[in-house]
Amino acid sequence: ADERRGVLAGVELVFSRVFPMGTEAREHQLWRLAEQFGAKCGTTPGPSTTHVVAVNWGTEKTSWAAERGKHVVLPQWVECSALLWRKADERMFPVKA
């Protein structure tokens with residue numbers, strides 16, 4: 001378990017329009033997967049946020065990330081990191097404009 005939690009250690013994620021409206025984000029499979037592999041997840045970006053997980057641009061969170069040079073990645077980045085048991089290359093999971 002310690003090895004698994006090290007995969008995304010130091011990563012702080014915020015999700016943007018990834019989960020269906022009206023659902024509890026913390027209960028979503030992707031949120032739980034990220035936490036199982038050591039990421040911290042939140043609903044609001046802040047100084048320690050490292051990544052915004054999104055399916056498209058044009059949200060407040062993706063704009064926030066772009067302005068601050070943070071990673072904006074597709075949800076598949078989290079899944080790939082878990083599958084590989086190492087942090088995947090963010091450049092391979094760009095959100096298309």
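Scanning region 81-97 for residues that are more than 11 Å from Val7 (Cα to Cα) and either among the basic types (Lys, Arg) or assigned to a helix (DSSP H, G or I) (or both) turns up Glu90, Arg91, Met92, Lys96.
Going by the structure shown, is Glu12 open to solvent by 70 Å² or more (accessible area, probe 1.4 Å), free of Cβ contacts under 8 Å to residues at least 60 places away in the same chain and either acidic (Asp, Glu) or closer than 20 Å to Val95 by Cα (or both)?
Numbers: open to solvent by 70 Å² or more (accessible area, probe 1.4 Å): no; free of Cβ contacts under 8 Å to residues at least 60 places away in the same chain: yes; either acidic (Asp, Glu) or closer than 20 Å to Val95 by Cα (or both): yes.
Spelling it out, it is not the case that Glu12 is open to solvent by 70 Å² or more (accessible area, probe 1.4 Å), free of Cβ contacts under 8 Å to residues at least 60 places away in the same chain and either acidic (Asp, Glu) or closer than 20 Å to Val95 by Cα (or both).
Tell me whether region 80-87 contains one or more residues that are within 17 Å of Ser16 (Cβ to Cβ), surrounded by 15 or more Cβ atoms within 10 Å (Cβ to Cβ) and out of contact with any Pro (no Cβ under 7 Å at 6 or more places or on another chain). No - not one qualifying residue is present in region 80-87.
Applying a threshold of 9 Å to beta carbon distances and a minimum spacing of six or more residues, or different chains, the list of pairs starting in region 46-66 at a residue that is at pLDDT 95 or above and ending at one that is among the hydroxyl-bearing types (Ser, Thr, Tyr) and open to solvent by 20 Å² or more (accessible area, probe 1.4 Å) reads Trp57/Ser63; Lys61/Thr44. The residue that is nearest to Asn56 (Cα to Cα), counting only those in region 88-97 that are surrounded by 12 or more Cβ atoms within 10 Å (Cβ to Cβ) and of a type outside the set (Asp, Glu), is Val95. Number of residues in region 47-63 that are among the hydrophobic types (A, V, I, L, M, F, W, C) and open to solvent by less than 40 Å² (accessible area, probe 1.4 Å): the value is 3. Identify, please: which residue in region 29-46 is in contact with a helix residue (DSSP H, G or I) (Cβ under 9 Å, 6 or more places away or on another chain) and part of a loop (DSSP other than H, G, I, E, B) and is, among those, surrounded by the most Cβ atoms within 10 Å (Cβ to Cβ)? Selected residue: Ala39.
The values are calculated or read from the model by the stated rules, or taken from the named source; none is laboratory data. Quantities reported herein were computed from a predicted structural model and do not represent experimental measurements. Note that we place each Cβ from the backbone using ideal geometry, even for glycine, and neighbour counts take in every protein chain shown. Calculation scope for accessible area: heavy atoms of the full protein, side chains included, ligands and nucleic acids excluded. Shrake-Rupley method; radii C 1.70, N 1.55, O 1.52, S 1.80 Å.
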